[in-house]
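Asks: First the structure, then my questions, so here it is.
The values are calculated or read from the model by the stated rules, or taken from the named source; none is laboratory data. Bear in mind the structure is a predicted one, so any value in this text is a computation, not a measurement. Cβ placement follows ideal geometry from the backbone for every residue including glycine, while neighbour counts extend to all protein chains displayed. Keep in mind that these areas ignore ligands, DNA and RNA; they rest on the heavy atoms of the full protein, side chains included. Shrake-Rupley method; radii C 1.70, N 1.55, O 1.52, S 1.80 Å.
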Amino acid sequence: MIQQQTILKVSDNSGAKTVRCIRVLGGFRKKYAKLGDNIIVSVQQLRNKSKKTSKVKKGEVYKALIIRTKVPHKKKDGSQIWFGENSVVLVNKQENPVSTRIIGPLPKLLKKKKFQKFISMSSGLI
Amino acid sequence: MLGIAARIGRFAASSSGLPRWTAAAFSTNLRTPEEMAVLHHGLRPRHRAPKFKSPRKRASKLLQELQGELVKSNKANKPDVWGTHFRVGDAIELVIGRENAEKNEIEKIRGVVLGISRKGLDHSVLLRDVVFGQPVERRILLHSPLLQSVKLLEENFVYKGKRKVKRAKLYFLRDRNPELTRVTKW
């Protein structure tokens, strides 16, 4: 349940460390975003090591794809899965990834054709 | 030495002038069906109409019985799942996939059992693991038709097999070192 003002971690090598959600996309007055949704974020912190070499700057506005949430994702057979953090991957206006690598696994929910690029960048699917 | 109640019961049971229900009321052992009949329905068995139950209660009772039948048939037909015995604190591996699935569609899930919820058809297991450096928790229903088998990897994984776990739910492991609950090797 990601909403405006939620601070999320970034798990890719774009250079950003944390971002803040400023808009939930996908409908008129849509309040909450869940796994697999797109949101608009603004960069809050950069990773220490990449302040000179990062692709993003503090305060820039990007789109992001939510890849891990603490809220359980419920599947059709009744099982649930949830992670230890709320995490996103930065994405540009055409919904293509900004970075070249994703840290950590992706949920099997994203095993669709349009997320093929993300799956190939990550360590694996859970 | 018999107590007062037992002595009255013994006297009433013998051919005294007291009515039959006194013997049943003061009997000290478990009441026999004949004694119960005498206590509740009087001296003769009475014909009783079936008790009126509201339709909602009747429906929920029927649903309960149907679910119980499903549970019994699942346990008989799936020895791979219900034959393995595991407790809270063990490391287990589940194989999930439909019956004629190809090799890349079958999923193997490993994890430490943090808790078991026994609710009939919703019998579920809470598993925790650390995969690709990320802690993951899953709740899986054991009556799912997609579940093929359950395998016990290590008993008392949380304490490395040295001592038993003393809790029904191990939620305290969420605040501890994630290495304690890591079953999958990356």
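Asks: From the helices alone, meaning DSSP H stretches of at least four residues, give me the mean residue ellipticity at 222 nm for the protein assembly as shown, per-run term -39500 (n - 2.57), in deg cm²/dmol to the nearest 500.
Replies: Rounded to the nearest 500, the figure is -5500 deg cm²/dmol.
Asks: Under 13 Å between alpha carbons, and skipping anything fewer than 8 positions from A:Lys52 in its own chain: which aspartates and glutamates qualify?
Replies: none
Asks: Additional query: Pairing the Cα long axis of helix B:55-77 with the longest principal axis of chain B, what angle in degrees results, from 0 to 90 and rounded to the nearest 10?
Replies: Taking Cα atoms only, the helix is inclined about 60 degrees.
Asks: Which FRET efficiency value, to the nearest 0.05, is calculated for B:Arg20 and B:Lys53 with the Förster distance at 30 angstrom and r the Cβ-Cβ distance?
Replies: According to the calculation, E is roughly 0.40.
Asks: I've got another one for you. Please work out how much accessible surface B:Leu2 shows to a 1.4 Å probe, ignoring ligands, DNA and RNA, in Å² rounded to 10.
Replies: The accessible area of B:Leu2 comes to roughly 80 Å².
Asks: Please arrange B:His143, B:His85 by accessible surface area, largest first, computed with a 1.4 Å probe and ligands excluded.
Replies: B:His85, B:His143
Asks: Per residue in the range A:89-126, which ones lose no less than 50 Å² of accessible surface when going from chain alone to all protein chains (1.4 Å probe)?
Replies: A:Ile126
Asks: Right, something else. Let's see if you can work this out: charge +1 on each Lys and Arg Cβ, -1 on each Asp and Glu Cβ, no other charges. What is the dipole magnitude of the protein assembly as shown about its Cα centre, in debye to the nearest 20? Intermediate results must be reported in sequence, preceding the final value.
Replies: Working: 67 positive and 24 negative charges, 228 e Å.
Charge dipole, the protein assembly as shown, about its Cα centre: 1100 debye, nearest 20.
Asks: Separate question: Taking R0 as 22 Å, what's the FRET efficiency between B:Arg163 and B:Lys119 from their Cβ-Cβ distance, rounded to 0.05?
Replies: In this case the efficiency is close to 0.15.
Asks: Another one. So if the hydrodynamic radius of the protein assembly as shown is defined as the Kirkwood radius over C-alpha pairs, what does Stokes-Einstein give as its diffusion coefficient at 25 °C and 0.890 mPa s, in µm² per second?
Replies: Calculated translational D: 100 µm²/s.
Asks: Just how large is the dipole of the range B:81-181 about the Cα centre, in debye to the nearest 20, putting +1 at every Lys and Arg Cβ and -1 at every Asp and Glu Cβ?
Replies: Using only the charged Cβ atoms, the result is roughly 640 debye.
Asks: In degrees between 0 and 90, to the nearest 10, how far off the longest principal axis of chain B does helix B:4-13 point, with axes built from Cα atoms?
Replies: Roughly 60 degrees, rounded to the nearest 10.
Asks: Nearest 100 Å² is fine: how much accessible area is buried between B and A, summed over both sides, with a 1.4 Å probe? Kindly include the intermediate steps, with their values, before the conclusion.
Replies: Working: alone 13980 and 7850 Å², together 20520 Å².
Heavy-atom accessible area buried at this interface is about 1300 Å².
Asks: As a test question: what accessible area, to the nearest 10 Å², does B:Thr32 have when a 1.4 Å probe is rolled over all protein chains in place?
Replies: So the heavy atoms of B:Thr32 present about 60 Å² to solvent.
Asks: Also: Place a +1 charge on the Cβ of each Lys and Arg in chain B and a -1 charge on the Cβ of each Asp and Glu, then give the dipole magnitude about the Cα centre in debye, rounded to the nearest 20.
Replies: Details: 38 positive and 18 negative charges, 181 e Å.
It works out to roughly 880 debye.
Asks: Scale the Cα Rg of the range B:81-181 by the rule-of-thumb value 2.2 N^0.38 Å and send over the ratio, two decimals.
Replies: Cα-based Rg divided by the globular estimate yields 1.08.
Asks: Is there a simple number for the mean count of other chain Cβ atoms within 10 Å of the Cβ of residues in A:70-81, and what is it?
Replies: Counting Cβ atoms of other protein chains within 10 Å of each residue's Cβ and averaging gives 4.
Asks: Got a sec? Charge dipole of the protein assembly as shown, +1 on Cβ for Lys and Arg, -1 for Asp and Glu; which of B:Trp186, A:Leu8, A:Gln45 is way out at the positive end?
Replies: A:Gln45
Asks: Starting from one equal scatterer on each C-alpha and no solvent at all, send me the Debye-based log10 I(q)/I(0) for chain B at q = 0.10, 0.12, 0.16, 0.17 Å⁻¹, two decimals.
Replies: -0.65, -0.73, -0.99, -1.07
Asks: Given the options A:Ile67, A:Phe83, A:Thr18, identify the residue whose Cα lies farthest towards the positive end of the charge dipole of the range A:7-100 (+1 on Cβ of Lys, Arg; -1 on Cβ of Asp, Glu).
Replies: The listed residue farthest towards the positive side: A:Thr18.
Asks: Give the residue from B:Ser14, B:Phe52, B:Leu152 lying farthest towards the positive end of the charge dipole for chain B; charges sit on Cβ (+1 for Lys and Arg, -1 for Asp and Glu) and the dipole is referred to the Cα centre.
Replies: Toward the positive end, the furthest listed residue is B:Ser14.
Asks: Sticking with this one: Could you order B:Phe52, A:Phe118, B:Phe132, B:Phe172 so the one with the most accessible surface comes first? Probe is 1.4 Å.
Replies: Greatest to least solvent exposure: B:Phe52, B:Phe172, B:Phe132, A:Phe118.
Asks: Lysines within cross-link reach of B:Lys164: Cα-Cα under 22 Å, excluding same-chain residues under 8 positions apart?
Replies: Filter leaves B:Lys151.
Asks: Return a whole-number percent for the relative contact order of chain B, with Cα pairs under 8 Å and 6 or more residues apart as the contact set. Walk me through the numbers on the way to the answer.
Replies: On the way: 269 pairs, mean separation 34.9, N = 186.
Rounded, it is 19 percent for chain B.
Asks: In addition: Between the DSSP loop rule and a limit of at most 10 other Cβ atoms within 10 Å, which GluC sites (Glu not before Pro) in the range B:99-143 are left?
Replies: B:Glu99, B:Glu102
Asks: Using a loss threshold of 40 Å², tell me which positions in the range B:110-157 are less accessible in the complex than in their chain alone. Probe radius 1.4 Å, ligands and nucleic acids ignored.
Replies: Listed by number, the residues meeting the 40 Å² cut-off are B:Phe132, B:Gln134, B:Val136, B:Glu137, B:Arg138, B:Arg139, B:Leu141.
Asks: Using a probe of 1.4 angstrom, how much of the accessible area of the protein assembly as shown is carbon and sulfur, in percent?
Replies: Within the protein assembly as shown, the accessible surface is 53 percent carbon and sulfur.
Asks: Rg and Dmax in Å for the range A:7-100, alpha carbons only: what are they?
Replies: Cα only, the range A:7-100: 13.8, 47 Å (Rg, Dmax).
Asks: A follow-up question, please. List the trypsin sites (Lys or Arg not before Pro) within the range A:41-118 that DSSP assigns to loop and that have no more than 11 neighbouring Cβ atoms inside 10 Å.
Replies: A:Lys51, A:Lys52, A:Lys57, A:Lys76, A:Lys93, A:Lys111, A:Lys112
Asks: Heavy-atom accessible area per residue, the range B:81-181, 1.4 Å probe: how many Å²?
Replies: Solvent-accessible surface per residue comes out at 55 Å².
Asks: Let me check against my output: what whole-number percent is the relative contact order of chain A, with C-alpha pairs under 8 Å and at least 6 apart?
Replies: 23 percent
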